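The values are calculated or read from the model by the stated rules, or taken from the named source; none is laboratory data. Keep in mind the model is a prediction, meaning the values are calculated, not measured. Cβ sites come from the backbone with ideal geometry, for glycine too, and all protein chains shown count toward neighbours. Side chains included, ligands, DNA and RNA excluded: accessible areas come from the protein's heavy atoms. Shrake-Rupley method; radii C 1.70, N 1.55, O 1.52, S 1.80 Å.
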Amino acid sequence: MTDSQLYPFKSSRTAPYMSANTMQDAPQPLYQTLAQELRHAMNDGRLPAGERLPSVREAAKSRGLSINTVLAAYRQLETHGLIEARPQSGYFVRSRLPTPPAPRFAPASTTAQPAETVVLDQITRVLAAQSSPDTIDLSLACPKGGDFYPGERLGRLIADLARHRPNLLTDYSLPPGSLLLRREICRHAQDLAMTLAPDDIILTNGCMEALQLALRAVTRPGDTIALESPTYFNLIPLAERLGLKTIEVPTHPDAGMSLDALELLLSEKRLQAIVVMPNVHNPLGTSMPLDAKRRLADLANTYQVPVIEDALYAELQYATPLQPAVKAFDRDGWVIVCASYTKTLAPGFRIGWMEGGRFRRELSELKFCTSVSQPALLCEALGVFLENGGYAQHLRRLRRTYAGQIDRLRALIDSAFPAGTRATQPTGGFLLWVQLPAGGDANRLFDAALERRISITPGNLFSPSGRYTQHIRLSGCYPFSDRYVHALMSLGELVAQQQ
């Protein structure tokens, strides 16, 4: 590897390359001199956000320094938040795009109410734009392409099972469904510190059916539920169809749902259920701290109000071991956990699952009268894939891929969007919550982008009352083709035009 490959930030505009001898003339320790030089390269753009630094060994060899000196420099930069270490990948320059502030409003004084009609109408418009073949979508939370799913391996599994076990195609599929899959779900749930039993697992048609069943089991029309704010937008029309009222609880990218506000609502007996996504939140991309998850489970058990935990993205946390689910702290069965494999493994299978705690019987009956069961062939194929180690290997690669995708997306936003733009720093998954600069209007941006055949998701979709008109959700679950990057740059131009 050449010196220019090792140090892409070198240029004729900078001081000559510093060897160990010249660095020894500096009045400060060698590691500080190296750290300072790297910091300058980051500040003037020669080391852009998302760039991978040379390995410690490569840097030491190229500069004639000890490994400990280079390691000390990297650790100093990491301490100051300028670079980050990724397991088995090395050190990368972090984006310094500032994060959005916490939402400010008082849910305790908010009257429970149905969703605003304008929000429901906007959801319909956005979904229509996302389904149009003429647009390039920058925000749809549906990974596309073979880079994200092991389609060929699953196809071979299905063909082999269909050939050797034709009864999976000819026998009627009845609940509770594949025992192998239910066992494997419980085994992998241990990675999220959940201890589950196969007999308690209900297989569903994706996570969305699981969430719907959970709400139908624990509420009645006219009841009030607490939603995070912002929240997953499809929960808003779902609550509307079930005749439920909602109260928004402020949700911070770092702290999660405001549990002080939630406890006040619970103490006033204003809630019949709580819906949360504590691990890898949609749209924030961040996770609730461990102590907050424990407290949330305690609140559910103390006030005997069910928590419906959406764990759809929980296995896509970047750091391992994975942070526990709220369900891991459930004492008396007041937490219902819902998940699926549509985002991690096989969207076409539409296989999800739930564990309903004390509501298991009601949920099983609802599932049977709603959609009976899931396809036996697909469930068994998924069970075999989980059992033979293919899933664990796939997840490790997928986490690294999405961590890199999000870093690159933040870097592109940093360079393409005007000053004042903010974005979350996700801890998993592929979604990014972006706050536009002062004067930015996400709905006007949606209209202007659509004229260029670019689709985005405005922030007001993630709030029943239509908050977050200055925010958008973007997604990093597509290959960063020239077309994708060009569309993102065009979006940045449109944001600048609003200033």
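Values computed for the structure shown
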{"read-out": "Members of segment 379-394 that are touching a residue at least 24 places away in the same chain (Cβ under 8 Å) and either at positive phi or open to solvent by less than 10 Å² (accessible area, probe 1.4 Å) (or both)", "value": "C379, A381, L382, G383, F385, L386, G390, Y391, H394"}
{"read-out": "Residue, farthest from L431 (Cα to Cα), within segment 72-100, restricted to residues that are assigned to a loop (DSSP other than H, G, I, E, B) and free of Cβ contacts under 8 Å to residues at least 60 places away in the same chain", "value": "H80"}
{"read-out": "Segment 212-221: number of residues that are in contact with a Leu (Cβ under 8 Å, 6 or more places away or on another chain) and either assigned to a strand (DSSP E or B) or surrounded by fewer than 24 Cβ atoms within 10 Å (Cβ to Cβ) (or both)", "value": "6"}
{"read-out": "Residue, farthest from T33 (Cα to Cα), within segment 45-89, restricted to residues that are among the polar types (S, T, N, Q) and surrounded by 18 or more Cβ atoms within 10 Å (Cβ to Cβ)", "value": "S62"}
{"read-out": "Residue that is surrounded by the fewest Cβ atoms within 10 Å (Cβ to Cβ) [pool: residues in segment 414-436 that are out of contact with any helix residue (DSSP H, G or I) (no Cβ under 7 Å at 6 or more places or on another chain) and under 13 Å from V495 (Cα atoms)]", "value": "A419"}
{"read-out": "Count of residues meeting criterion [out of contact with any Pro (no Cβ under 8 Å at 6 or more places or on another chain) and under 20 Å from D254 (Cβ atoms)] in segment 435-456", "value": "0"}
{"read-out": "Only one of L266, L271, L262 that is farther than 25 Å from L127 by Cα and not in a helix (DSSP H, G or I)", "value": "L271"}
{"read-out": "Near pairs, Cβ below 8 angstrom, 6+ apart or cross-chain, from segment 200-220 (over 11 Å from G352 (Cβ atoms)) to any residue that is of a type in the set (F, W, Y) and not in a loop (DSSP other than H, G, I, E, B)", "value": "A214/F359; A217/F359; V218/F359"}
{"read-out": "Residue count for segment 293-342, restricted to those that are over 18 Å from A273 (Cα atoms), touching a helix residue (DSSP H, G or I) at 6+ places or on another chain (Cβ under 7 Å) and of a type in the set (S, T, Y)", "value": "4"}
{"read-out": "Residues of segment 113-124 satisfying the condition of being part of a helix (DSSP H, G or I) and either touching a residue at least 12 places away in the same chain (Cβ under 8 Å) or on the phi > 0 side of the Ramachandran plot (or both)", "value": "V118, V119, L120, Q122, I123"}
